[in-house]
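Worksheet: the structure to be examined is printed underneath.
The values are calculated or read from the model by the stated rules, or taken from the named source; none is laboratory data. The structure displayed is predicted, hence computed values, not measured ones. Here Cβ is always computed from backbone atoms with ideal geometry, including for glycine, and neighbour counts include all displayed protein chains. Just so you know, the surface numbers come from the protein's heavy atoms only, side chains and all, with ligands and any DNA or RNA stripped out. Shrake-Rupley method; radii C 1.70, N 1.55, O 1.52, S 1.80 Å.
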Amino acid sequence: MDRIANALKVLGHPERLRILALLARGELTVSELTQILGLSQPRVTQYINSLESAAIIERLKEGSWVFSRLRRGNAAVTALVATTLNALPVDDKTLLSDRRRLEDVRAERAKAAESFFASVANDTGQLGDEYLPQSDIETAMRAMAGDGPFDYMVDLGTGTGRVLDVFSDRIARGSGIDNNTDMLKVARHKLASAGHDHISVRQGDLHVTPLDANCADLVTLHQVLHYLDDPYEAISEAARILSPGGRLLIIDFEAHDLEAFRKDYAHRRLGFQDTDIAGWAREVGLTVETVKTIKGVSHGRPNVKIWCAVKSAPLNKGHHHVSA
């Protein structure tokens with residue numbers, strides 16, 4: 001009851017309601033909120049602190065930037081926030097003006113993102129997926145995951161957020177985790193441009209995410225494992241955040257001998273055998289149920305495989321893996 005009372009008290013302020021209405025449309029920094037609201041940064045920071053202390057919003061630090069966004073997790077507070085947002089008049093002049101300035105901020109962000117697109121457009125070492133049969137992969141991913149709907153999807157190593165976009169119509173909400181802030185800027189731009197307000201991305205280590213155990217019913221690892229020193233750790237973390245009965249999709253190269261991929265694309269592992277993935281999955285309480293092979297786009301390009309695993313048992317904490 002105290003938490004609800006505190007949330008009601010915090011929400012009973014017009015400027016905080018303006019911030020709430022803006023964050024309902026996506027993540028924003030304090031400087032962006034200051035620009036939109038026309039208020040001083042100390043005052044905006046004070047309002048943000050109040051909203052955060054009431055568990056209405058949360059802040060995420062990425063380098064020198066700190067993003068604020070609506071917080072989920074407490075059903076009562078989330079319901080109260082939703083009711084408050086629905087009660088705000090759609091024709092309020094102040095809120096309409098805020099939304100117009102929000103679009104200006106997004107336009108500036110889009111311009112910066114487009115500049116980054118130009119710098120990486122031909123950088124196969126960073127994006128490097130022109131050698132993948134993307135449409136075939138994405139069609140197969142959707143088929144193997146099932147129609148859903150999924151309550152919460154997590155894409156580990158999200159990059160530009162493409163996989164979240166692919167599943168956007170089947171998920172109630174989605175999160176992408178990536179350690180590269182430049183790629184996250186690209187992802188934010190792409191997802192915002194597509195109108196995916198139910199999807200967000202954040203900086204983090206995919207081996208040790210800030211997410212709760214058993215929170216997601218769909219987790220994806222798309223073209224991630226071959227960059228890692230220990231793919232098992234990523235699969236283990238995926239299993240930890242996956243709820244019982246949830247699905248993990250691993251999309252990566254079939255084992256190959258194209259040594260140039262190490263030099264040209266910084267790959268540490270040259271693909272994976274079915275036994276690799278099945279063994280790691282089994283150790284963390286997952287069962288690989290289906291596997292699909294997708295032929296490379298041309299000669300000299302490795303095949304891609306998709307493994308779909310289901311969480312069927314709790315992790316045996318006392319068992320240690322042996323790297324394949």
Go through region 262-284 residue by residue and tally those that are open to solvent by less than 10 Å² (accessible area, probe 1.4 Å) and either assigned to a loop (DSSP other than H, G, I, E, B) or free of Cβ contacts under 8 Å to residues at least 24 places away in the same chain (or both). 3
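Condition check ((1) in contact with a Phe, Trp or Tyr (Cβ under 7 Å, 6 or more places away or on another chain); (2) modelled with pLDDT under 95) across all residues:
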| residue | (1), (2) |
| --- | --- |
| Asn214 | no, no |
| Glu237 | no, no |
| Leu249 | no, no |
| Phe261 | no, yes |
| Trp280 | yes, yes |
| Gly300 | no, yes |
| Asn316 | no, yes |
| Ser323 | yes, yes |
One residue is enough: does region 154-168 have a residue meeting the conditions touching a strand residue (DSSP E or B) at 6+ places or on another chain (Cβ under 8 Å), within 30 Å of Gly296 (Cα to Cα) and surrounded by fewer than 16 Cβ atoms within 10 Å (Cβ to Cβ)? no
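Okay, residues lined up against (1) touching a strand residue (DSSP E or B) at 6+ places or on another chain (Cβ under 9 Å); (2) outside any helix (DSSP H, G or I); (3) more than 22 Å from Ala7 (Cα to Cα):
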{"residue": "Ala21", "(1), (2), (3)": "no, no, no"}
{"residue": "Gly26", "(1), (2), (3)": "yes, yes, no"}
{"residue": "Thr34", "(1), (2), (3)": "no, no, yes"}
{"residue": "Glu58", "(1), (2), (3)": "yes, yes, no"}
{"residue": "Phe67", "(1), (2), (3)": "yes, yes, no"}
{"residue": "Ala82", "(1), (2), (3)": "no, no, no"}
{"residue": "Asp91", "(1), (2), (3)": "no, yes, yes"}
{"residue": "Leu96", "(1), (2), (3)": "no, no, yes"}
{"residue": "Glu103", "(1), (2), (3)": "no, no, yes"}
Can you tell me which residues in region 46-92 are surrounded by 13 or more Cβ atoms within 10 Å (Cβ to Cβ), among the β-branched types (Val, Ile, Thr) and touching a helix residue (DSSP H, G or I) at 6+ places or on another chain (Cβ under 9 Å)? Ile48, Ile56, Ile57, Val66, Val77, Val81, Thr84
